[in-house]
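The values are calculated or read from the model by the stated rules, or taken from the named source; none is laboratory data. These numbers were taken from a predicted model, which means no experiment stands behind them. Positions of Cβ are backbone-derived with ideal geometry, glycine not excepted, and every protein chain shown enters the neighbour counts.
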Amino acid sequence: MRKFLVAVFCIFSVMTVFGADNKDRLLTVIFTNDGHGMAWKFDEPHNPGIGGLAAQKTLVDNIRAEVQGKGGSVLVLSAGDITLGDPRSNICENIPMVEGMNLVGYDAMAIGNHEFDFGFEAFKKMQETAKFPFLSANMYKEGGEESIGKNYIEKKMDDGLKVAVLGLTTRETESISSQGLKGNITMSDPVETAKLWVPILKKKNDVVIVLSHLGFYDSDKSFDGYEGDNYLAKAVQGIDLIVGGHTQRQLASPVKIGDTHIVQTEGLGKWVGRIDFYFQGTKIVKTDYKLYPINLKEKTDKGYKFVGEEIKENKAMVDMLNGFKCEFSTKQIGTIDRDLEGADDIARKKEVELGDIITDIMREKTKADIALLNGGSIRQSLKKGAVTEKDIYSIFPFQDTVYTAELTGAQIQEVLDFFAQKGIGAGGFLQVSGIEMKILKGDALDVKVAGKPLEKGKKYKVALNSFIANGGDGYAMLRDVKSKKDTAYLLSSILVDYMKANGTFAKTKVGRIKIYNK
């Protein structure tokens with residue numbers, strides 16, 4: 001009898017210890033990436049009033065209420081690059097974006113490369129304003145001993161589930177954000193850093209999430225040699241979820257490598273992602289995934305219709321954001337000694353000096369071989385005399401950013417032939433840098449790059465504005481280019497920076513495109 005009671009006691013003890021770990025649990029991760037200062041709703045061509053933190057807050061509040069009503073837990077995460085987009089946010093040093101994320105209720109954010117574009121002091125101001133931690137385990141203050149943010153966070157949910165979130169930042173930061181770093185930061189290899197931290201976090205937690213600002217590529221590395229999330233998942237065991245950013249790659253479903261799920265959206269706050277993990281005890285038994293469009297629209301014969309359901313804007317968020325006075329500066333930043341034509345009815349018909357200037361600056365900024373810009377994106381000329389920030393921002397009504405891509409000569413020829421076929425007057429009429437050509441009867445002929453004939457088998461680095469990079473004006477051949485990457489440099493911002501640094505726009509070589517009718 002005594003042995004029987006001892007046995008029952010042991011079984012009861014085991015059930016007491018492990019029974020709690022055998023219950024069903026739900027963890028919902030709500031995620032965004034590459035918000036790029038788009039705190040307010042904004043317009044795209046044929047897509048007005050999209051995105052914005054006010055609609056995002058409404059959606060997140062609804063998801064949180066739904067999940068908590070089921071007894072589940074919620075984490076709200078950003079994979080970084082919250083700066084450098086809407087000019088209003090730039091003018092106010094991105095504080096509207098940070099305050100908006102506070103109001104949404106973010107739990108953590110990975111530090112992205114563009115967080116430093118306005119200087120190290122502006123970065124620290126954002127960090128101090130945030131009510132959520134900035135994470136990066138491979139980024140340190142000068143000297144390499146103290147992390148610039150936090151390495152990770154650990155959370156114990158109400159149902160007992162223990163979750164760790166580790167931050168990683170691309171080493172590309174060292175080359176593309178040096179203006180803001182200026183020796184204040186040193187970096188280590190992100191994959192080797194993950195190999196160090198993930199096993200430690202896995203021992204203490206049920207779930208390990210990596211907030212990654214490395215990028216997602218179709219191969220292990222980007223065309224310029226930086227490892228991405230797919231390589232990270234292969235190289236480091238024990239990661240349950242990678243919430244990715246940097247490449248703004250819309251993943252319609254999670255990419256699963258081993259036991260690791262990888263997710264990412266196209267950024268700019270146009271989508272909010274959600275992945276649900278269902279547990280039995282601490283074992284993942286099921287996942288669900290959804291991307292929510294934030295008031296995206298489709299144009300119809302009768303106007304516009306919403307993609308999915310309309311999301312109402314949260315009034316508290318609207319009021320808070322509208323309380324910021326982020327106005328364009330009318331202070332002179334430089335001068336020009338001649339009028340620069342640029343209105344789109346002109347830039348759609350011929351090469352214009354303003355188009356040459358813009359593409360030259362795009363090419364110089366990205367260290368590309370070639371730069372291409374659709375003339376329809378330039379909407380205003382610049383008058384001789386004093387130039388202000390407001391003047392330059394007025395050139396571009398849309399928030400076009402600069403993409404880079406690695407294209408073969410054959411791919412470039414396809415783009416140029418399409419341009420030649422569109423003809424004079426089309427929005428897709430190209431302004432170019434680093435390249436010369438003749439247009440004759442719908443063909444691009446005698447194409448030269450840096451004075452040498454275009455080689456069809458050679459690979460070239462090309463800078464593009466985001467509109468055509470994503471297939472706008474009929475450039476469908478660019479939409480699915482796997483190597484392309486959004487630098488997030490706003491066209492207007494890089495022109496402002498150039499003017500501030502040089503005091504004027506240098507005269508350019510005109511005659512890059514020669515059009516023959518017969």
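How about the stretch 290-305: which of its residues are assigned to a strand (DSSP E or B) and either closer than 18 Å to Ile63 by Cβ or more than 23 Å from the chain's Cα centre (by Cα) (or both)? Steps first, please.
Pass one, the stretch 290-305, residues assigned to a strand (DSSP E or B): 290-293, 297-300, 303-305.
Within the stretch 290-305, Lys290, Leu291, Tyr292, Pro293, Lys299, Thr300, Gly303, Tyr304, Lys305 meet the criteria.
Please determine, by comparing only the residues of the stretch 354-380 that are within 21 Å of Asp473 (Cβ to Cβ) and assigned to a loop (DSSP other than H, G, I, E, B), which one is farthest from the chain's Cα centre (by Cα).
Gln380
If the requirement is being among the polar types (S, T, N, Q), surrounded by 20 or more Cβ atoms within 10 Å (Cβ to Cβ) and out of contact with any Asp or Glu (no Cβ under 6 Å at 6 or more places or on another chain), which of these qualifies: Thr366, Thr335? Can you show your working first?
Values: Thr335 fails: surrounded by 20 or more Cβ atoms within 10 Å (Cβ to Cβ).
Just one listed residue meets the conditions, Thr366.
Working carefully through the options Ile424, Ile439, Ile395, find the one that is in the same structural domain as Asp337 (by TED's automatic domain parsing), among the hydrophobic types (A, V, I, L, M, F, W, C), buried (at least 20 other Cβ atoms within 10 Å of the Cβ) and at pLDDT below 85. Break it down stepwise before answering.
Working: Ile424 fails: buried (at least 20 other Cβ atoms within 10 Å of the Cβ); Ile439 fails: at pLDDT below 85.
When all the criteria are applied, what remains is Ile395.
Taking the options Ala137, Ala164, name whichever one is modelled with pLDDT of 90 or more, outside any helix (DSSP H, G or I) and over 23 Å from Val74 (Cβ atoms). Before the answer, list the steps.
Values: Ala164 fails: over 23 Å from Val74 (Cβ atoms).
Criteria check complete, one pass: Ala137.
Applying the selection to the stretch 285-315, what residues are in contact with a helix residue (DSSP H, G or I) (Cβ under 7 Å, 6 or more places away or on another chain) and either closer than 25 Å to Gln248 by Cβ or among the small types (Gly, Ala, Ser) (or both)?
If we filter the stretch 285-315 for residues that are in contact with a helix residue (DSSP H, G or I) (Cβ under 7 Å, 6 or more places away or on another chain), which is where we start, we get 292, 294-295, 311-314.
Within the stretch 285-315, Tyr292, Ile294, Asn295, Ile311, Glu313, Asn314 qualify.
Identify all residues within the stretch 140-161 that are assigned to a strand (DSSP E or B) and not β-branched (Val, Ile, Thr); write none if there are none. Can you show your working first?
Step one: list which residues in the stretch 140-161 are assigned to a strand (DSSP E or B), which gives 140-141, 147, 150, 152-156.
Passing the criteria: Tyr140, Lys141, Ser147, Lys150, Tyr152, Glu154, Lys155, Lys156.
Looking at (1) among the small types (Gly, Ala, Ser); (2) buried (at least 17 other Cβ atoms within 10 Å of the Cβ); (3) assigned to a loop (DSSP other than H, G, I, E, B), which is the one condition that is false for Ser219?
(2)
Determine whether Glu115 is under 29 Å from Thr28 (Cβ atoms), assigned to a helix (DSSP H, G or I) and among the acidic types (Asp, Glu).
In short, yes.
Kindly check whether there is at least one residue in the stretch 478-485 that is in a strand (DSSP E or B) and either surrounded by fewer than 12 Cβ atoms within 10 Å (Cβ to Cβ) or out of contact with any strand residue (DSSP E or B) (no Cβ under 6 Å at 6 or more places or on another chain) (or both).
Within the stretch 478-485 (the criterion being in a strand (DSSP E or B) and either surrounded by fewer than 12 Cβ atoms within 10 Å (Cβ to Cβ) or out of contact with any strand residue (DSSP E or B) (no Cβ under 6 Å at 6 or more places or on another chain) (or both)), the answer is no, since none of the residues qualifies.
Would a scan of the stretch 273-280 turn up a residue that is in the same structural domain as Val67 (by TED's automatic domain parsing) and in a loop (DSSP other than H, G, I, E, B)? Full working, then the answer.
Kept after step one, since they are in the same structural domain as Val67 (by TED's automatic domain parsing), are these residues of the stretch 273-280: 273-280.
Imposing the further condition that a residue be in a loop (DSSP other than H, G, I, E, B) reduces the set to none.
There is no residue in the stretch 273-280 that is in the same structural domain as Val67 (by TED's automatic domain parsing) and in a loop (DSSP other than H, G, I, E, B).
From the residues in the stretch 237-282 that are among the charged types (D, E, K, R) and buried (at least 23 other Cβ atoms within 10 Å of the Cβ), which one is farthest from Thr169 (Cα to Cα)?
The initial filter retains those residues of the stretch 237-282 that are among the charged types (D, E, K, R), namely 240, 249, 256, 259, 266, 270, 274, 276.
Checking the rest, the ones that are also buried (at least 23 other Cβ atoms within 10 Å of the Cβ) come to 249, 270.
On the way: Arg249: 16, Lys270: 23 Å.
Taking the candidates together, the pick is Lys270.
Lys297 is checked against (1) touching a residue at least 40 places away in the same chain (Cβ under 8 Å); (2) at positive phi; (3) of a type outside the set (S, T, N, Q) and fails just one. What number does that condition carry?
Condition (2) is where Lys297 drops out.
Out of Ser147, Ser222, Ser188, which single residue is without any contact (Cβ under 8 Å) to a residue 40 or more places away in the chain and either within 19 Å of the chain's Cα centre (by Cα) or closer than 24 Å to Asp34 by Cβ (or both)? Don't jump to the end; show me each part of the working.
Working: Ser222 fails: without any contact (Cβ under 8 Å) to a residue 40 or more places away in the chain; Ser188 fails: without any contact (Cβ under 8 Å) to a residue 40 or more places away in the chain.
Going through Ser147, Ser222, Ser188 in turn, just one is without any contact (Cβ under 8 Å) to a residue 40 or more places away in the chain and either within 19 Å of the chain's Cα centre (by Cα) or closer than 24 Å to Asp34 by Cβ (or both): Ser147.
Please state which of the following conditions Gly71 fails to meet, knowing it meets all the rest: (1) of a type outside the set (Lys, Arg); (2) assigned to a helix (DSSP H, G or I); (3) farther than 24 Å from Ile262 by Cβ.
(2)
Can you confirm whether the stretch 454-467 contains a residue that is out of contact with any Ser or Thr (no Cβ under 9 Å at 6 or more places or on another chain), crowded, with 23+ Cβ neighbours inside 10 Å and in the same structural domain as Asp360 (by TED's automatic domain parsing)? Walk me through how you get there before you give the answer.
At the first step, the residues of the stretch 454-467 found to be out of contact with any Ser or Thr (no Cβ under 9 Å at 6 or more places or on another chain) are 454.
Okay, now just the ones that are also crowded, with 23+ Cβ neighbours inside 10 Å, so none.
No, that holds for no residue.
Report, by residue number, each residue of the stretch 225-249 that is part of a loop (DSSP other than H, G, I, E, B) and either without any contact (Cβ under 8 Å) to a residue 40 or more places away in the chain or on the phi > 0 side of the Ramachandran plot (or both).
Within the stretch 225-249, the first condition is being part of a loop (DSSP other than H, G, I, E, B), and the residues that meet it are 225-226, 228, 236-240, 245-249.
Gly225, Gly228, Gln237, Gly238, His246, Gln248, Arg249 - these are the residues of the stretch 225-249 that are part of a loop (DSSP other than H, G, I, E, B) and either without any contact (Cβ under 8 Å) to a residue 40 or more places away in the chain or on the phi > 0 side of the Ramachandran plot (or both).
Give the residues of the stretch 193-216 that are outside any loop (DSSP other than H, G, I, E, B) and within 12 Å of Thr247 (Cβ to Cβ), sorted by residue number.
First, pick out the residues of the stretch 193-216 that are outside any loop (DSSP other than H, G, I, E, B): 193-204, 207-213.
If the condition is that a residue be outside any loop (DSSP other than H, G, I, E, B) and within 12 Å of Thr247 (Cβ to Cβ), then Ser212, His213 are the ones that fit.
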